[in-house]
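Contents: one structure, followed by commentary.
The values are calculated or read from the model by the stated rules, or taken from the named source; none is laboratory data. Since this is a predicted model, take the numbers as computed values, not measurements. All Cβ positions, even for glycine, are placed from backbone atoms using ideal geometry, and neighbour counts span all protein chains on display.
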Amino acid sequence: MLRAAAGALLGTLLAACGTPGTTGKPQSFNLAGYSAQYKRGHADGCAQRRDDRLYRDEGDYMMGWNDGRSACAKTRR
């Protein structure tokens, strides 16, 4: 339950930190301070691809994937 609450909070914070590109480039996010697994998950979630083993076994990857998918879905609308 705590992990879900932390994920929701983190997703909200990341969505607020993203800055849209003005040259048609994909939106960029400030991921400084996050683990490598979180960053990989975020990139994969944004690209809508998923490593099922990492998603199942690595909490940081799963949280990053969920946050990346949510944040990037907002830019696709």
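Among the residues of the range 1-60, those identified as modelled with pLDDT under 60 and either acidic (D, E) or outside any helix (DSSP H, G or I) (or both) are G18, T19, P20, G21, T22, T23, G24, K25, P26. Can you tell me how many residues in the range 61-77 are surrounded by fewer than 21 Cβ atoms within 10 Å (Cβ to Cβ) and assigned to a helix (DSSP H, G or I)? Here the count works out to 9. Residues in the range 31-60 that are among the charged types (D, E, K, R) and without any contact (Cβ under 8 Å) to a residue 12 or more places away in the chain were compared, and the one that is surrounded by the most Cβ atoms within 10 Å (Cβ to Cβ) is D51.
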